[in-house]
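Encoded as structure tokens, the structure appears first; notes follow it.
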């Protein structure tokens, strides 16, 4: 039943993305901005069709992965034991991509929206949500902190993901606070780098401590 609800919400997200894109398409310029610098200035463009289509395609691709990944998980690394958590995380990721994508299209169509504020706020909220679920993930090949040491040991996986949960939440809070305080954009990048690096390094030392490898 949970997988059916997840599929229904995914289809709803896709419908919103397609409907918004079709509505905005006539208003988009011949070259649509698809990349912005840290100050919110466009520095990358694509032809109108691909600039408009990329967001519905991305969200649809995430929806397909939501269904496919559990089906192709190898034995002893199945997603089913935490299927509810997995589905919730995939929907949150789709939802944030929907917000970012539709905001980008609205800006491209000439609507005055603070893209440089909306995007880091959305990413910060995403990180906080991911952090709250991180400790509930079980060992798998597709989602979570997948290092050689977490995949080799259940204990290392659990410890690393408990730590990663706190790191993700703190990184998300830092992004939200920095954005609302109009701090330098580089602080968000620092938070993301730390968020990625700390659990990875910790998993190595946790493995050495637990498995007695010196």
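Report the Cα-based extents of segment 68-119 along its three principal axes, largest first, to the nearest Å.
50, 16, 13
Which angle between 0 and 90 degrees, to the nearest 10, do you get for helix 115-134 versus the longest principal axis of the chain when only C-alpha atoms count?
The helix 115-134 is inclined about 20 degrees to the chain.
Å³ per residue of the Cα convex hull, for segment 13-86?
138
Once fully extended, how much extra length lies between residue 182 and residue 142, figured as 0.36 nm per residue of separation less the alpha-carbon to alpha-carbon distance?
Length gained between residue 182 and residue 142: 10.9 nm.
Report the rotationally averaged projected area of segment 114-214 based on its alpha-carbon convex hull, in square nanometres.
That works out to 6.5 nm², a quarter of the Cα hull's surface.
So if each residue of separation counts as 0.36 nm, and I subtract the Cα-Cα distance between residue 72 and residue 45, what length gain in nm does that give?
This chain segment gains 6.2 nm when fully extended.
Over 24 Å apart: what share of the alpha carbon pairs of the chain falls there, rounded to a whole percent?
In whole percent, the share of Cα-Cα pairs in the chain beyond 24 Å is 51.
Based on a Kirkwood Rh over C-alpha pairs, give the Stokes-Einstein translational diffusion coefficient of segment 10-52 at 10 °C and viscosity 1.306 mPa s in µm²/s.
139
Show that you can apply the helix-only estimate: for the chain, add -39,500 (n - 2.57) for every DSSP H stretch of four or more residues, divide by all residues, and state [θ] at 222 nm to the nearest 500.
Taking each H run of at least 4 residues, the total per residue is -24500 deg cm²/dmol.
Let me have the relative contact order for the chain, percent, based on Cα pairs under 8 Å that are six or more residues apart.
It rounds to 19 percent for the chain.
If I fit a long axis through the Cα atoms of helix 154-180 and take the longest principal axis of the Cα atoms of the chain, what angle between them do I get, 0 to 90°, rounded to 10?
30
By how many nm would the segment from residue 205 to residue 36 grow when fully extended, if each residue of separation counts as 0.36 nm and the alpha-carbon distance is taken off?
Here the answer is 57.1 nm.
Values quoted throughout were computed directly from the atomic coordinates according to the rules given, and no laboratory measurement underlies them. Keep in mind that this is a model prediction, so the values were computed, not measured.
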